[in-house]
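One structure is given here, and the rest of the page talks about it.
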Amino acid sequence: MCKKCYVTTPIYYASGTPQLGNSYSTVACDVFARFNRLMNRDTFYLTGMDEHGLKIEEKAEAAGVKPQAYVDKVAEEAKRVWKDLDIKYDHFIRTTDEYHVKNVQKIFERLLKQGDIYLGSYSGSYCVSCETFFTKTQLNEDGTCPDCGKPTKMVSEEAYFLKLSKYADRLLEHIKNHPDFIVPETRKNEVVSFIESGLDDLCVSRTSFDWGIPVLSNPKHVVYVWIDALTNYISALGYNSDNDELFKKYWMSGVNTYHVIGKDILRFHAVYWPIMLMALDIPLNFKLIAHGWILTREGKMSKSKGNAVYPGDLYSRYGSDSVRYYLTKELPLGNDGLFNEERFIERYNNDLVNDYGNLVSRTISMVNKYFDGIVPTVYKTNQYDEELETLMASVIKNTINYFDEFKLQNAVIETWELVHRANKYIDETAPWVLSKDENKIAELADVMYHLLETIRIVAHLSSPYLVQTSTKVLKALNLELGTLVDLKYGFDYKQMKLNNLEHLFDRLDVKKELAYFEELHNSRKPKEQVEEVKKMNEISIEDFAKVELKVGVVLESKKHENADKLLVSKIQIGDEVRQIVSGIAKFYSPEEFVGKKVIVVTNLKKAVIRGVESNGMVLCAADDKDLEIVTVNNAKSGTSVR
Ligand code: ME8
């Protein structure tokens, strides 16, 4: 196993606040990245946001904001959710980041130059929701999208294509020679049969909307959103930039690279991405891990069904570890899992409160009670020790192996074997009986030591998902999180004193919690869409304070020479005279505009509008049909507007 590790999660599609379902990949990768760090592997965990495409353009329009403003807000929101979920990433890439845009443009030009991309024309069906083109045979019988079932649009336009078939044999060969390239096996088989059924060249540009990365040599085309998005994995490492140290370190030099993805985006990662890399002469140094879906009883979570659950609904009430635990435990590698509220509460009460929380709090309080909180020295054993110690060794080994294979659910189940066994050990050894007999103090000390060792080991093995709980447990043991590499039974506590245990988990009242969820869903059902749009438009008082508004007097105004909707005006703002271009010519003649006392945004970035510099913006009240300049009567030129 190599000492370096590059872990990537699919960059989240910026279509709103992440739901529990699409948080799965990010949480699972974070667990995996934390595990690798604990194995002393130099680990780089990448996450980020996928921000281009028609769907985003349409969402922004519906919210009444520019696409960039829309994705900026979603990025803020997503980062907050990841922070609240204790996601510890090394880099957050956004596909609107300049270095990424440049990289995509350079790659496109290179592939164009070497003939892997060519200009042709596309006519076919496009699913806006999935940002995917489909051939007629791929569509459902009624012409809807085979992936999401929504209606598709007929599109016909000039477009660039990537030659896929040229690389098909090489890709099949790679898959054959690298049995671990795609796991699990069922997904690999799906990919192989998709390639073997023949690859049509892939349409990789669009001209019917603007919100994307323009093709450098032909800017009326924007790059297909998947080509743009997949490239993030190497943009983030500095590929094609002045500093590609990270690329050399985390891609080129014997690294374990893991692209963790949901099964719905397998084809993009298992076919298009490797072909892009082959065309760029970049080695296919990665392993694809395709996980299943978190489903609800009604199928996939969706806002329209009113059954969407957001991570914040859970962590704000039950803490981030509860969500991380649930997600980590829920999905067997490659298969789907379920989310429902009863199951969440049950798991919380059984696994976290009863099994683990009790074990920890009982152990700490017994050491406090029987030994004044001093970790006792062991010089006697009991008949149950050997079994517990053997189990500790095997649980450590197996948990590590499961994590290594990304079998997160198995890792949790394995560690819980030890939790269960230790709870049984308490019943078997009955410390409360031993404590009543002075001759049994040594035996009692031995029992306490074994229990402390168990919780130390469990705290380490579960720390990739129970981040906060492990910190609390280890703090109570007066220890810090160590590596998993040398984790074993037999730690020398040197008779140290334990700390107080911070509160871990509260038992949940099932009825009360179900009522909470019901209220949550009901409150969302009808208003959800409206609320979301409102939320997107919300700004803080600090945001508003950034806008500098001043009174100005229009001194001169004339029509723009090349645009009949625009007036070019000179406006006096205090001591300063500025040139401002305004789209008001349909409503005001230059003569009508001159002399008005208007409100100007004075700290707007300068812009060149149809070849004329504009330094500020005049406020208007406007809808689709009418427009009226906002004016003041008495305030002097240069006065601030607040
Ligand atoms: O696919 N259960 O982004 P995304 C489990 N931007 N996983 C789920 C899920 C569910 N219910 N719903 C979604 C994208 N996912 C692209 C990625 S990468 C170059 C571009 C998973 O926000 C989904 O499979 O739609 C994907 O792995 C991740 O959430 C993000 O999905």
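The values are calculated or read from the model by the stated rules, or taken from the named source; none is laboratory data. Note that the coordinates shown come from a computational prediction; the quantities given were computed from them, not determined experimentally. Counting neighbours? That spans all protein chains shown, and the Cβs are built from the backbone with ideal geometry, glycine included. SASA here: full protein model, heavy atoms, side chains in, ligands and nucleic acids out. Shrake-Rupley method; radii C 1.70, N 1.55, O 1.52, S 1.80 Å.
Just the projected area, averaged over all directions, of the convex hull on the alpha carbon atoms of the stretch 339-484: how many nm²?
Here the figure is 9.1 nm², rounded to one decimal.
Out of the total accessible area of the stretch 1-75 (probe 1.4 Å, heavy atoms of protein only), what percent is carbon and sulfur?
52
Would you kindly work out the equivalent ellipsoid of the stretch 332-378 from its C-alpha gyration tensor and give its semi-axes, the square roots of five times the eigenvalues, largest first in whole Å?
Working through the eigenvalues yields semi-axes of 36, 13, 5 Å.
If I stretch the segment between T207 and Y379 completely, what's the gain in nm (0.36 nm per residue apart, minus their alpha carbon distance), one decimal?
Full extension of this stretch gives 54.1 nm more.
Helix-only mean residue ellipticity at 222 nm, the chain, DSSP H runs n ≥ 4 weighted -39,500 (n - 2.57), per residue, nearest 500. What is it?
Taken over the chain, the calculation gives -12500 deg cm²/dmol.
Using all Cα-Cα distances in the stretch 243-302, what percent lands in each 10 angstrom bin from 0 up to the longest?
19, 40, 24, 12, 4
For the residue pair E576 and N603, what label-to-label distance in nm results when each label sits 7 Å from Cα along the Cα-to-beta-carbon direction?
So the label points at E576 and N603 sit 1.2 nm apart.
Considering all alpha-carbon pairs of the stretch 420-501, what whole percent are spaced by more than 21 angstrom?
Value for the stretch 420-501: 35 percent of Cα pairs lie more than 21 Å apart.
Which pairs in the list K3/K287; K150/K287; K176/K287; K55/K625; K3/K166 are over 23 Å apart, alpha-carbon to alpha-carbon?
Flagged as over cut-off: K150/K287; K55/K625; K3/K166.
Given the Cα atoms of the chain, and with Rh set as the inverse mean 1/r over their pairs in the Kirkwood sense, what is Rg to Rh to two decimals?
1.06
For Cα pairs less than 8 Å apart in space and 6+ apart in sequence, what is the mean separation divided by the residue count of the chain, i.e. the relative contact order in percent?
Computed value for the chain: 12 percent relative contact order.
Rounded to a whole number, what % of the accessible area of the stretch 480-628 do carbon and sulfur atoms account for, probe 1.4 Å?
Its accessible area is 50 percent carbon and sulfur atoms.
May I ask you to list the GluC sites (Glu not before Pro) in the stretch 539-624 that are in a DSSP loop and have at most 14 other Cβ atoms within 10 Å of their Cβ?
E548, E561
Pull out the extension gain between D281 and V433, defined as 0.36 nm times the separation in residues minus the alpha carbon to alpha carbon distance; nm, one decimal.
47.7 nm
Subtract the Cα-Cα distance of E542 and L139 from 0.36 nm times their separation in residues, and report this length gain in nm to one decimal.
Length difference between fully extended and current span is 140.2 nm.
How far is helix 441-462 tilted, in degrees, relative to the longest principal axis of the Cα atoms in the chain, given as a value from 0 to 90 rounded to the nearest 10?
The answer is roughly 20 degrees.
Return the FRET efficiency for the residue pair S129, R610: r is the Cβ-Cβ distance, R0 is 41 Å, and the value is rounded to the nearest 0.05.
The computed FRET efficiency comes out at 0.70.
Counting only residues 5 or more places away or on other chains, whose amide H sits under 5 Å from the amide H of M39 once H atoms are built in the peptide plane?
L484
How far is helix 20-38 tilted, in degrees, relative to the longest principal axis of the Cα atoms in the chain, given as a value from 0 to 90 rounded to the nearest 10?
60
Assign one of three labels to the stretch 1-131, namely rounded, prolate or oblate, based on the Cα gyration tensor with a ≥ b ≥ c the square roots of its eigenvalues; rounded applies when a/c is under 1.5, prolate when it is not and a/b is larger than b/c, and oblate otherwise.
Here the stretch 1-131 falls in the oblate category.
With a bin width of 10 angstrom, please list the P(r) values of the stretch 487-642 as percents of all Cα-Cα pairs, from the 0 bin to the one holding the largest distance.
9, 24, 19, 11, 9, 10, 9, 6, 2, 0
For the stretch 63-184, what class follows from the C-alpha gyration tensor (a ≥ b ≥ c being the square roots of its eigenvalues): rounded when a/c is under 1.5, otherwise prolate if a/b is larger than b/c, else oblate?
Rounded shape, in that the Cα axes give a/c under 1.5.
Amide H to amide H, which residues 5 or more places from D336 or on other chains are under 5 Å from it, using H placed in the peptide plane?
Close amide H contacts, sequence-distant or interchain: W293.
Across the stretch 423-430, in residue order, what do the Karplus-derived ³J(HN,Hα) couplings come to in whole Hz, using 6.51 cos²θ - 1.76 cosθ + 1.60 with θ = phi - 60° and x for Gly and Pro?
Taking θ as phi minus 60°, the curve returns 5, 5, 4, 5, 4, 5, 8, 6 Hz for the stretch 423-430.
In the stretch 191-320, what percentage of the DSSP-assigned beta bridges are antiparallel, given to the nearest 5?
Looking only at bridges with both residues in the stretch 191-320, the antiparallel portion is about 50 percent.
So, in Å, what gap is there between the alpha-carbon centers of the stretch 30-59 and the stretch 160-205?
Here the two parts' Cα centres lie 24 Å apart.
Over the chain, what is the percentage of antiparallel beta bridges among all DSSP beta bridges, to the nearest 5?
Bridges in the chain are about 70 percent antiparallel.
Ignoring ligands, DNA and RNA, what percent of the accessible area of the stretch 365-429 is carbon or sulfur (1.4 Å)?
Ligands and nucleic acids excluded, carbon and sulfur reach 48 percent.
Counting heavy atoms of the protein chains only and a 1.4 Å probe, report the per residue accessible area for the chain as a whole number of Å².
Here the residues of the chain average 46 Å² of exposed surface.
Once the stretch 1-75 is represented by equal point scatterers at the alpha-carbon sites, with solvent omitted, what log10 I(q)/I(0) does the Debye formula produce at q = 0.23 Å⁻¹?
Rounded to two decimals, the profile gives -0.94.
P(r) of the stretch 580-642 in 10 Å steps, Cα pairs, percent per bin?
Histogram of Cα-Cα distances, whole percents per bin: 19, 49, 31, 1.
Rounded, prolate or oblate: which fits the stretch 114-202, taking a ≥ b ≥ c as square roots of the Cα gyration tensor eigenvalues, rounded meaning a/c under 1.5, else prolate when a/b beats b/c?
Since a/c reaches 1.5 but b/c is at least a/b, the shape of the stretch 114-202 is classed as oblate.
Checking a compactness column here: for the stretch 144-186, what do you get for Rg(Cα) / (2.2 N^0.38 Å), N being the number of residues?
Rounded to two decimals, the normalised Rg is 1.79.
Assuming a viscosity of 1.567 mPa s and a temperature of 4 °C, what translational diffusion coefficient in µm² per second does Stokes-Einstein assign to the stretch 295-388, Rh being the Kirkwood radius over Cα pairs?
78
What's the long-distance tail for the stretch 355-428, i.e. % of Cα pairs beyond 14 Å?
68
Rounded to the nearest Å, what's the spacing between the alpha carbon centres of the stretch 61-109 and the stretch 315-335? Just the number, please.
25
Under 13 Å from a point 7 Å along the Cα-to-Cβ line of R343: which residues of the stretch 280-298 have their amide N that close?
Only 292-298 pass the distance filter.
I need the phi-derived Karplus couplings for the stretch 357-371: 6.51 cos²θ - 1.76 cosθ + 1.60, θ = phi - 60°, integer Hz, Gly and Pro marked x.
Using θ = phi - 60°, the values come out as x, 5, 4, 5, 5, 5, 4, 5, 6, 5, 5, 5, 6, 8, 10 Hz.
Quick one: which residues, 5 or more positions from F44 or on another chain, have an amide H under 5 Å from its amide H? H modelled 1.01 Å from N in the peptide plane, none for Pro or chain starts.
HN-HN under 5 Å from F44: C5, Y6, V7.
Rounded to a whole number of µm²/s, how large is the Stokes-Einstein D of the stretch 429-472 at 37 °C and 0.692 mPa s, given Rh as the Kirkwood radius over C-alpha pairs?
279
Taking every DSSP beta bridge that has both residues in the stretch 1-149, what percent is antiparallel when rounded to the nearest 5?
20
Share of Cα-Cα pairs in the stretch 190-301 beyond 18 Å, in percent?
Percentage above 18 Å: 61.
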